[in-house]
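Heads up: the structure comes next, in structure tokens.
The values are calculated or read from the model by the stated rules, or taken from the named source; none is laboratory data. Note that the coordinates shown come from a computational prediction; the quantities given were computed from them, not determined experimentally. As a convention, Cβ positions derive from the backbone with ideal geometry for all residues, glycine included, and neighbour counts pool all protein chains shown.
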Amino acid sequence: MILLDKCLEFVLNSYIREHCDKQRKYAITGSAGFLIGSKIDEDFHVAHIAMCAHPDTIRDESGDIHSKSVDADWIADTGSRVLRFLPGGTMIVGLLWLADSKASLQSAQVRDILVRALSQIAIRHNALSSLSIKPIDNTLILIGIETPLGKPFGCIIDCSRRGAAGSQTKVSFSQLEWVRLESSVAFRLSEPLTDGVWDFHKQFTSGIREWAECLLKTNLALINGLSRPRDEFLRPRDRKNRGPTAFDIEMFLNAEGKHDFGNQKISSSCIIDLIVDTIAKAAVPSKATVGQAIDAVKEHLIRSLCSRAELHYESTDVIEDEPKDRLAVHQLPRAAYVCLPSQRAIVFTDYLFESDTANDAQQSFAEFLSLKVSEDDIDISSERHLDGNDLLNMLSEDDRPSHVERSSSSASSLNSVVLPPILKAGEMTSINYYFLIAALVALLSFVAYFMMKTISS
């Protein structure tokens, strides 16, 4: 069953009017939207609908039908950006399609476009939220409305099967509720990386992969200070005593089976040192279990880190054959939060660079989430960017450079650190010593050879 939050009835009417206006003005074929919510067992709970923007080509009066429509790649690319805003426990559970009878959801061609887009979004969601460690959930939904007066028509679809027709399911509006989950995270992680990999995004995902695997396997957690079974409902089912509307999740990583790098020889000339100090603001439906709440927090942590790394990488200018610094300090974007007005437990997150303000976040929320909020509603004070002294204090005494420079090759908060010549006490086996040892071995070999020749004579 597909359950839409009661307030979305008015929102859908507004979206239908906007679609009909664009259809009359630009002759568009259809409009797509992202159904944002959660999946609980076999039910899909939808809290918000964000419309997918049309390409600018729709304004071209001489354009053909393809320039007036959205294709699978366009929807998937926009959906991938929307995923970054979502808290753990929520996802794009499906797509909305608004069109007249000529291009409705009943059309096999339209369904094929939407299924292909959903398939790409599902893969992207899995990579962003679990580094593709967990299996992909391909069971998602489609909702079609035949404009201007049609009723919502829903189907559950396996988006891994191309051309799948799906099975029709009931769509209804209901008073839904989500609960907020909060957790604070602080850790420092050092991992050796494979030689020759200079792509920052690949370095980052490789560096946190083992930590992510450990996190996803961890089941030990305290819910508001209590240890509770995973299959227990997070909140009591008694309507008279629903319990708290927010929960603090405290997790303990299980380090069992972690490799002991201190007793291994590792061939690597690069080490990633990741320092994290942030908070997680996830959300799950009120009918969720303890296990689903814990998994939502895990999902949020991985998604937040990966989203920041992606944005940082995308905004960094890469110069081919540029000489590499001995030490590069990458400062990832900071979080800006806003609550969904109709469901205050759901907190969306935008990521800001140093020069960005609440106005930039306001524009992003409007563009990608169809969310109109004031700047005062956006929290940009929970995190701050570090200055040069903060970055220097994080480095060890031996690695500390004489100064920190802002890289001119980056539009983001990338800091390149220029190191003075360094000689560590523990690194006395330098290349000069190897040359000296090689010379001594050669001299001894020559003396032994000369003595053997003399004796034989």
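Note on the range 166-186: residues that are over 22 Å from Lys6 (Cβ atoms) and in a strand (DSSP E or B) total 8.
Are any of the residues in the range 383-390 buried (at least 19 other Cβ atoms within 10 Å of the Cβ) and modelled with pLDDT of 85 or more? Scanning the range 383-390 turns up no residue that is buried (at least 19 other Cβ atoms within 10 Å of the Cβ) and modelled with pLDDT of 85 or more.
So for the range 53-69 (the condition being modelled with pLDDT of 95 or more, of a type outside the set (A, V, I, L, M) and either buried (at least 16 other Cβ atoms within 10 Å of the Cβ) or in contact with a Pro (Cβ under 9 Å, 6 or more places away or on another chain) (or both)), does at least one residue qualify? The answer is no, given that none of the residues of the range 53-69 is modelled with pLDDT of 95 or more, of a type outside the set (A, V, I, L, M) and either buried (at least 16 other Cβ atoms within 10 Å of the Cβ) or in contact with a Pro (Cβ under 9 Å, 6 or more places away or on another chain) (or both). Within the range 197-219, residues that are assigned by TED's automatic domain parsing to the domain that holds Leu327 reach partners that are surrounded by fewer than 15 Cβ atoms within 10 Å (Cβ to Cβ) and of a type in the set (Gly, Ala, Ser) with beta carbons closer than 7 Å, at six or more positions or on different chains, in the pairs Cys214/Ala255. Which residues, counting only those in the range 107-165, are small (Gly, Ala, Ser) and not in a helix (DSSP H, G or I)? Answer for the range 107-165, where residues must be small (Gly, Ala, Ser) and not in a helix (DSSP H, G or I): Ser107, Ser132, Gly144, Gly150, Gly154, Ser160, Gly163, Ala164, Ala165.
Checking the structure you have, find out if any residue of the range 257-276 is in the same structural domain as Leu311 (by TED's automatic domain parsing), surrounded by 12 or more Cβ atoms within 10 Å (Cβ to Cβ), in a strand (DSSP E or B) and at pLDDT 90 or above. No, every residue in the range 257-276 fails to be in the same structural domain as Leu311 (by TED's automatic domain parsing), surrounded by 12 or more Cβ atoms within 10 Å (Cβ to Cβ), in a strand (DSSP E or B) and at pLDDT 90 or above. Scanning the range 353-367 for residues that are at pLDDT 95 or above, closer than 17 Å to Ser315 by Cβ and of a type outside the set (Gly, Ala, Ser), we see that the one that is surrounded by the fewest Cβ atoms within 10 Å (Cβ to Cβ) is Gln363.
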